[in-house]
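Read the structure below first, then the notes.
The values are calculated or read from the model by the stated rules, or taken from the named source; none is laboratory data. Predicted, not measured: the structure shown is a model, and the values here were computed from it. Positions of Cβ are backbone-derived with ideal geometry, glycine not excepted, and every protein chain shown enters the neighbour counts. Just the protein is used for accessible areas: all its heavy atoms, side chains included, with ligands, DNA and RNA removed. Shrake-Rupley method; radii C 1.70, N 1.55, O 1.52, S 1.80 Å.
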Amino acid sequence: MTRSARRTRRTLQVAGAGAAALLALSACSSSDDSSSSKSNSSASASPKMSGTVTVFAAASLQESFTTLGKEFEKANPGTKVTFSFGGSDSLAASITGGAPADVFAAASPKTMAIVTDKGDGVGTPATFVRNQLEIATLPGNPDKVTSLKDLTKSSLKVVLCDKTVPCGAAAQKALTASKLKLTPVSYEADVKSALTKVELKEADAAVVYKTDVHAAGSKVQGVEFPESADAINDYPIVLLKNAPNAVAAKAFIALVQSTEGQKVLSAAGFLKP
Amino acid sequence: MTQPDTSDAAAETLKGGPRRRRVRMTGRGVPLPLLIPALVGLAFLLLPLIALLVRAPWRSLPSQLTSTEVWQALQLSLFSATAATVVSLVLGVPLAWVLARTEFPGRGFLRALVTLPLVLPPVVGGVALLLALGRNGVVGQWLDSWFGITLPFTTTGVVVAEAFVAMPFLVISVEGTLRAADPRYEEAAQTLGASRFTAFRRVTLPLIAPGIAAGAVLAWARALGEFGATITFAGNFPGRTQTMPLAVYLALQNDPEAAIALSLVLLAVSIAVLAGLRDRWMTAS
């Protein structure tokens, strides 16, 4: 073998190793948040509740539902509430795919319909809260944003949710209703990443849910706008047909709808249905 | 890595399987305990790709692929991947040379750092880029206040994100080639009066050109498929920062058929790259 041939071989070998590395590494970008939650309970016929209730809920409910879960466990010793929070779309897909869940709380009737259309729900879903859009601006509102119209100023970097996700669809609805044309710098894949861009001060404003502004605390400042009334999202909740622990699940839904539960949800910024 | 034996094997693997001669030498076919997992492995790797072809909306494909949004995303993807490759070449080849040809304390550690973006989750890379080069970032705030340059939400930002994840591929590839190349040619050039840079330009570069080309193709392919760092750092705006992988991800939320069509395009481009890599740089010369 000549020197140059050997060199070529080495080049090939390097490129080969590189190609292998490429194939191994190139697919590690998006993550799948459909979670696997376990449910080890069985539907017990005894009146006393026990076992695990598995609740699939929209990401925006994380704060308030975690609080409600703790209250439920305290009121019913022997029970445990486990949550799987995520995008309503992917949660709905997990449920129709056979995930062992007891309760589904979605961020929009459209995503709830994915489950109920397949006959995976029991009865009609009940709207338990509503969520309104709000403008998130930098702390202290340095750009003096007071209305949706202010966001159309070209000097402002505004991010919206993509039209494919509920918060983006709602924002579009509000903009259309007020006949405003807004060109954002980015259409973000979900409401949390839109808010993050403002929290990191990369964007000047974002149109997100009131509850997200609330959850972000002092990192952003919320500005309410009247057009948001045209794009209010209903949050439906339903008991699932194949619920492993239907008795406790019903009790949890009742807690969410109770005065006590509504108090927790209002504190997080949700509106009463 | 430097054993001629392994390099032969790697080359043969890329060429499409081991040589016949060897198979005959081991004799009487493949043992079952090897054959079965091998076939399962093959199916595991190929099945998703076949599924993509089976479920492809062939009838609506022409109209899907000629929509402006797809063209915008494809054009942007091709442009930004190429630009990222150019950036990687300009910065990566000298870096590879420094790593391969010089001795200094901490070189091994530096080499490990260079490879870090290879194993770093791309989203983490995007967050890191935001914190470094964002409008409010460690360096980015100065870029903004001195030059009025902000990288997030711009096509330049896409190129930066892609170069960040793709350059290590080029550096590793070129560094390996440099190590394999005989340094005596450079030394000979230097004894004949060439400066070290002239020796690099006139002797080393032509010597390692195939390795640079292979590294550039790998970097280009990696840049083309970049998703996490791009969506985190550059955002998503059609025509400006929405590359093909982003378009695929968002299309999947409400129009799976469009997502499949877009995926097919990326699949075709990737296969073309691998095929090109094999024919041009593997079997030639």
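B:LEU118 fulfils the conditions (1) modelled with pLDDT of 90 or more; (2) outside any loop (DSSP other than H, G, I, E, B) except for a single criterion, (1).
Residue count for region B:128-153 under the criterion of being open to solvent by 40 Å² or more (accessible area, probe 1.4 Å), at pLDDT 90 or above and assigned to a loop (DSSP other than H, G, I, E, B): the result is 2. For region A:115-137, a residue qualifies if it is more than 28 Å from A:GLU227 (Cβ to Cβ) and open to solvent by 10 Å² or more (accessible area, probe 1.4 Å), and the qualifying residues are A:THR116, A:ASP117, A:LYS118, A:GLY119, A:ASP120, A:GLY121, A:VAL122, A:GLY123, A:THR124. Can you tell me which residue among B:ALA73, B:ALA81, B:ALA100 is under 30 Å from B:ALA258 (Cβ atoms), in contact with a Lys or Arg (Cβ under 9 Å, 6 or more places away or on another chain) and within 14 Å of another protein chain (Cβ to nearest Cβ)? None of the others qualify; the one that does is B:ALA81. A single entry from B:ALA163, B:ALA181 fulfils the requirement of being more than 19 Å from the chain's Cα centre (by Cα) and open to solvent by less than 40 Å² (accessible area, probe 1.4 Å): B:ALA181.
A single member of B:LEU34, B:LEU95, B:LEU49 is in a helix (DSSP H, G or I) and within 30 Å of B:THR177 (Cα to Cα), and it is B:LEU95. For region B:209-224, the criterion of being surrounded by 23 or more Cβ atoms within 10 Å (Cβ to Cβ) and over 22 Å from B:PRO94 (Cα atoms) is met by at least one residue.
Residues checked against (1) more than 30 Å from B:VAL273 (Cα to Cα); (2) within 10 Å of chain A (Cβ to nearest Cβ):
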| position | (1), (2) |
| --- | --- |
| B:GLY176 | no, yes |
| B:PRO183 | yes, no |
| B:SER195 | yes, no |
| B:PRO206 | no, no |
| B:ALA216 | no, no |
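Restricted to region B:225-279, and to residues there that are without any contact (Cβ under 8 Å) to a residue 40 or more places away in the chain and either closer than 14 Å to B:GLY157 by Cα or in a loop (DSSP other than H, G, I, E, B) (or both), the residue that is farthest from the other protein chains (Cβ to nearest Cβ) is B:ASP255. Of all residues in region A:66-87, none that is among the charged types (D, E, K, R) has its Cβ atom under 6 Å from the Cβ atom of a residue that is assigned to a strand (DSSP E or B) and open to solvent by 60 Å² or more (accessible area, probe 1.4 Å), 6 or more apart or on another chain. Scanning region B:53-65 for residues that are at pLDDT 90 or above, open to solvent by less than 40 Å² (accessible area, probe 1.4 Å) and not charged (D, E, K, R) turns up nothing. Among the residues here, A:LEU156 qualifies as more than 30 Å from A:VAL238 (Cβ to Cβ) and open to solvent by 10 Å² or more (accessible area, probe 1.4 Å). For region A:245-271, filtering for residues that are part of a loop (DSSP other than H, G, I, E, B) and open to solvent by less than 30 Å² (accessible area, probe 1.4 Å) leaves 4. With the condition kept exactly as written, say whether any residue in region A:16-37 is open to solvent by less than 60 Å² (accessible area, probe 1.4 Å), away from chain B (no Cβ under 14 Å) and modelled with pLDDT of 85 or more. No, because not a single residue in region A:16-37 is open to solvent by less than 60 Å² (accessible area, probe 1.4 Å), away from chain B (no Cβ under 14 Å) and modelled with pLDDT of 85 or more. Any residue that is away from chain B (no Cβ under 12 Å), in contact (Cβ under 8 Å) with a residue 40 or more places away in the chain, within 22 Å of B:GLY137 (Cβ to Cβ) and buried (at least 23 other Cβ atoms within 10 Å of the Cβ) - is there at least one of those in region A:184-195? Checked against the condition, which is being away from chain B (no Cβ under 12 Å), in contact (Cβ under 8 Å) with a residue 40 or more places away in the chain, within 22 Å of B:GLY137 (Cβ to Cβ) and buried (at least 23 other Cβ atoms within 10 Å of the Cβ), region A:184-195 yields at least one hit.
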